[in-house]
Amino acid sequence: MAESERVTATAPSPMDLVFVPRPERSPFADILRRVGFAASLVVFVAAVVRLGRGGYIDVTDDSIGWLDAFYYASVTVTTTGYGDITAVSDGARLATILLITPARILFLILVVSTTVEVLTDQTREHLQKRHWRKSVNDHTVICGFGATGQAAAADLVSRGVDPSTIVVVDRSAEVIEKAIAQGLVGIRGDATRREVLVQAAVDQARSVVVAPNRDDTAVLITLTVREMNADAHIVAGGREQQNLHLLRQGGANEVIDATAAVGRMLGLGTYAPGAVRVLDDLLDAGQGIELVEVAPEPSNGGALTPAGSTLVAVVRDGVRLSPAEVSEGTLRADDRLVVLRESPTG
């Protein structure tokens, strides 16, 4: 989890912590486009005055030059004019009515529309947040969006989880922007703080991934999440083996020893590189073979597992049983089968 966070003079409102993914738009491109259009209106009016300079008079009785034309255009489209340059001929007055006045109206519309659009965008964003707040339920919360959190989010998405049902909590605004760019919902704040987890609707979450960069932070997040949601499935990652039991005692359902897991992979790769490639394939959802958890099928022709899959283990009441310890007749409806199968999209 990133440690940097911009400190503001006043605390942000709870809704300001929520960032809902929106279609990508470049505000600078919009500003440049509107400035260019406004400038073209000024040039258009100046050209009309310069070409019809014989129908305009200056209070100084000088001829209307390009500088005078641009001066007249700028004060005309932005205000009602100062009256120092006026149309005296019928042609100049007609040009003012048919060309310059519509240009002035377009300029005002441009200014007003820019203001209205800003207000509309803010209102739309607020309504999106309120809608998300009312509809969020059974989602997944990822606390910490570093390399581990990002990998967890990518795995969930590759397994068919809707990105909009994944909520990322991190203190870094840059990290939250990265999450939003991936279609995830972002909550900017410290995941150890209860009020931030309230904004992530942890009390309604189905699962929570705890993946900060520090074990003490992970333990505190786990304790807070479990206090807020007794039913959530909490998966926590630890770096020091001596801290893993604290995560379990704090309420984590699954504790991943990240350092040891990588070390075992490195050790295995020294004498069984093929096995490492198979394990990497198993961890990459949607590619080749995959390791998944499925429910028992009531009737499957005497087989324990679906066709084309191999039973690896049976999980019953949180205890792992080997395939030799169970048979189809002894399976229960709440058992979970861990099987190997070809990836549907592999």
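The values are calculated or read from the model by the stated rules, or taken from the named source; none is laboratory data. Computed from a predicted model, the values in this text were never measured in an experiment. FYI the Cβ positions are ideal-geometry reconstructions off the backbone, even for glycines, and counts take in every protein chain you see.
Observations
- Failed item, numbered, when Asn253 is tested on (1) out of contact with any strand residue (DSSP E or B) (no Cβ under 6 Å at 6 or more places or on another chain); (2) without any contact (Cβ under 8 Å) to a residue 40 or more places away in the chain; (3) of a type in the set (S, T, N, Q): (1)
- Flag if Val292 is modelled with pLDDT under 95, in contact with a Lys or Arg (Cβ under 6 Å, 6 or more places away or on another chain), surrounded by 14 or more Cβ atoms within 10 Å (Cβ to Cβ) and closer than 26 Å to Asp335 by Cα: no
Table: residues versus (1) closer than 18 Å to Arg194 by Cβ; (2) crowded, with 23+ Cβ neighbours inside 10 Å; (3) charged (D, E, K, R).
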residue: Leu220; (1), (2), (3): yes, no, no
residue: Thr224; (1), (2), (3): yes, no, no
residue: Ile234; (1), (2), (3): yes, yes, no
residue: Gln249; (1), (2), (3): no, no, no
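- Of all residue pairs spaced 6 or more apart or on separate chains, those with beta-carbon atoms under 8 Å, a first member in segment 273-286 that is modelled with pLDDT under 75 and a second member that is among the polar types (S, T, N, Q) are Asp281/Gln287; Asp284/Ser158; Ala285/Ser158; Ala285/Ser343; Gly286/Ser158; Gly286/Ser343; Gly286/Thr345.
- Screening Ile176 with (1) within 18 Å of Thr222 (Cβ to Cβ); (2) touching a Phe, Trp or Tyr at 6+ places or on another chain (Cβ under 9 Å); (3) of a type outside the set (Ser, Thr, Tyr) gives one miss only, at (1).
- Candidates Thr270, Thr310, Thr305 - the one that is among the polar types (S, T, N, Q), under 24 Å from Ser158 (Cβ atoms), outside the structural domain of Asn213 (by TED's automatic domain parsing) and at pLDDT 75 or above: Thr310
- Restricted to segment 138-176, and to residues there that are in contact (Cβ under 8 Å) with a residue 60 or more places away in the chain and among the acidic types (Asp, Glu), the residue that is farthest from Leu282 (Cα to Cα) is Glu174.
- Considering segment 171-199, the residues that are touching a Leu at 6+ places or on another chain (Cβ under 8 Å) and among the β-branched types (Val, Ile, Thr) include one that is surrounded by the most Cβ atoms within 10 Å (Cβ to Cβ), namely Ile187.
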